[in-house]
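Here's the structure we're looking at; comments come further down.
The values are calculated or read from the model by the stated rules, or taken from the named source; none is laboratory data. Here the structure is a predicted model, which means the values were calculated and not measured. Here the Cβ positions follow ideal geometry from the backbone for every residue, glycine too, while neighbour counts run over all protein chains shown. Surface areas here come from the heavy atoms of the whole protein model, side chains and all, with no ligands, DNA or RNA. Shrake-Rupley method; radii C 1.70, N 1.55, O 1.52, S 1.80 Å.
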Amino acid sequence: MFGVLFEQAADGQRYIDWLLSGLGWTLALAFFGWWIAFGIGVVVGIGRTVHNRVFSIAARLYVEIFRNIPVLVQMFLWYFVLPEVVPNALGNAIKQMPPPWASFVPALLCLGLYTASRIAEQVRAGIEALPKGQIEAASALGLGSYATYRYVIVPQALRLIVPSLTSEVMGIYKNTSVALTIGLMELTAQARQISEATFQTFTAFGAATIIYLCLALVAYQAMTLIDRAVRIPGTTPAKLTVEQDLAADGPHVENLPGAMEVVK
Amino acid sequence: MPHQTISNSGQPAAIVVENVVKRYGAFAALNDINLEVGKGEKIVLCGPSGSGKSTLIRCINHIERHDGGRIVVDGVELTGRIADINSVRCEVGMVFQSFNLFPHLTVAENCMLAPMKVRGISRSEARDRALSLLRKVRIQDQADKYPAQLSGGQQQRVAIARALCMQPKIMLFDEPTSALDPEMVKEVLETMVGLARDGMTMVCVTHEMGFAREVADRVVFMDRGSIVEEAAPETFFQAPRTERARSFLNQIIH
Ligand SMILES: Nc1ncnc2c1ncn2[C@@H]1O[C@H](COP(=O)(O)OP(=O)(O)OP(=O)(O)O)[C@@H](O)[C@H]1O
Ligand SMILES: [Mg+2]
């Protein structure tokens, strides 16, 4: 039944090449988006816990804004609205980016910054879950707040939240499909294109579904390995359970109504 | 601030606590505390639960901020706005009831972190220092293990070595043996006795009377946020002056 994927399309490529190119954009978006999200998420998450008012309020604002606007709306804001509200020269430069980049860059910013707000909350929860004695011991040794965060708090908090970061990894790669709404030809968009060109809807989306499932498995396995690699010797393993991922999946699904409709 | 307070003996005091008050809301955890600890002196602080012992030594280390009175540690005023609290904390080591080792670092790394990041010494020098102090607490063969792989008594000795790596002038202990199984209490107390013999200034919250008898210059008894009685260990244990101290001693002996 997947035979049709190996037939030639109108542009001379095979349909499977369309899928693979879509997969490439999906992976690129998820991968680079993840590092943006992780970097900003850690900084903002720390910001949520510091005593400095300015930092903690700024971090709080960031989280509330980016976490509470639906991903699809954020996608549109970056793609349609941003070029209009920045100075003209910059706006024109954005609009004149060559095709894949004009969609890819806003999608990258959107997913990176949105996922960052979710990671920030995980980081904050991880920091707050540490025993108070850790910070007291660090202060008693004369470590300043930078060194305390850098060498005592953050390394422990990140280890603690590896399981919940797993569901954020899953989340960002699934949310990449929202990028089709601003014209990025990622995996779901390519599947739709194939289905329109061949009328083999089941085959096209079946193939995409299998690829998404494989990616999920790979991500899950990778995170399990990471969890094992950073585990502190002598401590009991933190449970990396499927239920946790499912529970954490709720909000992602809700954030995708628009994309779901397009796919249907 | 080269402000120095001269104690009665004419020696500059290591710790001066004057009329210190600490409140949690309306509740006074410390109520007009006065205490002076000379250089090299060993104080054992005891008293019933909730009497403010931990609060007092946490104020001395400025983990808690006192609300009234003044505290001077190693000649540095810890009252009001403090220019550099961390430079004072470098001179004061603290050992907690719950060890508070950093679980993600090995024993040696636990001991090396502050000397490298605060004192700025090199990694190899920090490791040499860590190993020599770990040898002193007789645990050098565990240097590359992680805290969770050690027994409670071993962890507490690592915590002592970690504090000593900063080469502090004063050591504060908050019930260092209370969380330990009985058979491990001895090894930690022996380490503390060794430290006392080396002339360290020590303030120990502990109910180990044997330890108090052996090393304390003075026993300070607290109750309900106040210092009720201060005496040499023999006097305190044989003939406590106050009723409260008597009933406390009865309870811990029974
Ligand atoms: N962060 C806090 N907030 C409110 N009250 C506190 C706080 N810390 C301590 N207290 C109160 O201050 C009093 C003194 O506490 P502290 O811990 O100094 O007692 P302690 O003498 O060390 O007792 P223990 O032997 O149980 O350790 C207690 O009544 C306690 O409830
Ligand atoms: Mg206490």
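If packing is taken as the average count of other Cβ atoms within 10 Å, what order do A:1-10, B:204-213 fall into, highest mean first? Please list the in-between numbers first.
Details: A:1-10: 12.0, B:204-213: 20.3.
Packing order, densest peptide first, comes out as B:204-213, A:1-10.
Helix-only mean residue ellipticity at 222 nm, chain B, DSSP H runs n ≥ 4 weighted -39,500 (n - 2.57), per residue, nearest 500. What is it?
Values: 9 runs with 90 residues, N = 254.
My calculation for chain B gives -10500 deg cm²/dmol from helical runs alone.
Using amide H atoms built 1.01 Å from N in the peptide plane, name the residues 5+ places from B:F173, or on other chains, whose amide H lies under 5 Å from its own.
Result for B:F173 returns B:V95, B:V203, B:C204, B:V205.
Compute the length gained on full extension between A:F80 and A:A10: take 0.36 nm times their separation in residues and subtract their Cα-Cα distance, giving the result in nm to one decimal.
Details: separation 70, 0.36 × 70 = 25.20 nm, distance 3.07 nm.
My answer for the length gained is 22.1 nm.
Could you give the angle, 0 to 90 degrees to the nearest 10, between helix B:243-253's Cα long axis and the longest principal axis of the Cα atoms of chain B?
Around 40 degrees separate the two axes.
Accessible surface of B:K22 in the full protein assembly, 1.4 angstrom probe, to the nearest 10 Å²?
B:K22 exposes around 20 Å² with every protein chain in place.
Based on the Cβ-Cβ distance of A:A222 and B:Y24, what FRET efficiency does E = 1/(1 + (r/R0)^6) give at R0 = 60 Å, to the nearest 0.05?
On the way: r = 47 Å, r/R0 = 0.79.
Efficiency computed from Cβ-Cβ geometry: 0.80.
Please give the contour-minus-distance gain from B:A179 to B:S124: 0.36 nm per residue of separation, less the Cα-Cα distance, rounded to one decimal in nm.
Details: separation 55, 0.36 × 55 = 19.80 nm, distance 3.31 nm.
So the extension gain works out to 16.5 nm.
Dividing the convex hull volume of the Cα atoms of segment A:129-220 by its residue count, what figure in Å³ per residue is obtained? Please list the in-between numbers first.
Details: hull volume 10.3 nm³, N = 92.
Spread over its residues, the Cα hull of segment A:129-220 gives 112 Å³ apiece.
Which three numbers, in whole Å and largest first, are the semi-axes of the equivalent ellipsoid of segment B:1-151 derived from its Cα gyration tensor as √(5λ)? Intermediate results must be reported in sequence, preceding the final value.
Numbers: eigenvalues 200, 75, 45 Å².
Rounded to whole Å, the semi-axes are 32, 19, 15.
When the gyration tensor of chain A is built from Cα positions, what are the square roots of 5 times its three eigenvalues, in whole Å, from largest to smallest?
Values: eigenvalues 290, 112, 38 Å².
Taking √(5λ) for each Cα gyration eigenvalue gives 38, 24, 14 Å.
Over all Cα pairs of chain B, how is the pair count split among 10 Å bins, expressed in % and running from 0 up to the last occupied bin?
Final binned percentages: 7, 30, 36, 22, 5, 0.
Mind giving me the FRET efficiency for B:S49 and A:I57? R0 is 35 Å, r the Cβ-Cβ distance, nearest 0.05 is fine. Can you show the working numbers first?
Working: r = 39 Å, r/R0 = 1.12.
Plugging the Cβ-Cβ distance into 1/(1 + (r/R0)^6) gives 0.35.
Is it possible to state the helix-based mean residue ellipticity at 222 nm for chain A, with each DSSP H run of 4+ residues giving -39500 (n - 2.57), the sum divided by total residues, to the nearest 500 deg cm²/dmol? What is it?
Working: 13 runs with 192 residues, N = 264.
Mean residue ellipticity at 222 nm (helix-derived): -23500 deg cm²/dmol.
B:I227's amide H: which non-local residues (gap 5+, or another chain) put their own amide H closer than 5 Å, with H modeled 1.01 Å from N in plane and none for Pro or chain starts?
Hits under the 5 Å cutoff: B:N34.
Give me the Kirkwood hydrodynamic radius of segment B:12-82, using the inverse of the mean 1/r over all pairs of distinct Cα atoms, in Å to one decimal.
On the way: mean 1/r = 0.0808 Å⁻¹.
Kirkwood hydrodynamic radius for segment B:12-82: 12.4 Å.
In terms of the ratio Rg/(2.2 N^0.38 Å) built on C-alpha atoms, what value belongs to segment B:108-254? Present the calculation step by step, with values, prior to reporting the outcome.
Details: Rg = 17.5 Å, N = 147, 2.2 N^0.38 = 14.7 Å.
Normalised by 2.2 N^0.38 Å, the Cα Rg of segment B:108-254 equals 1.19.
So, taking all protein chains as they sit and a 1.4 Å probe, how much accessible area belongs to A:T236, in Å² rounded to tens?
For A:T236, the solvent-accessible surface is approximately 120 Å².
Can you spot the lysines whose alpha carbon is less than 24 Å from B:K53's alpha carbon? Ignore those fewer than 8 places along the same chain.
Result set, ordered by chain and number: A:K132, B:K22, B:K39, B:K42, B:K169, B:K186.
Could you give the angle, 0 to 90 degrees to the nearest 10, between helix B:152-164's Cα long axis and the longest principal axis of the Cα atoms of chain B?
90
Project the alpha carbons of segment A:13-87 onto their principal axes and report the range along each, largest first, in whole Å.
The Cα atoms of segment A:13-87 stretch 58, 28, 23 Å along the principal axes, largest first.
Which FRET efficiency, nearest 0.05, do A:I210 and B:Q140 yield, Cβ-Cβ r, R0 56 Å?
Details: r = 56 Å, r/R0 = 1.01.
Between A:I210 and B:Q140 the formula returns 0.50.
Counting pairwise Cα distances across segment B:167-221, what percent come out greater than 12 angstrom? Spell out each step's value before the answer.
Working: 969 of 1485 pairs.
In whole percent, the share of Cα-Cα pairs in segment B:167-221 beyond 12 Å is 65.
A:A93 versus B:R197, label points 7 Å from Cα toward the beta carbon: distance in nm?
7.3
For the protein assembly as shown, restrict the atom set to alpha-carbon positions and state the Rg and Dmax in Å.
30.8, 103
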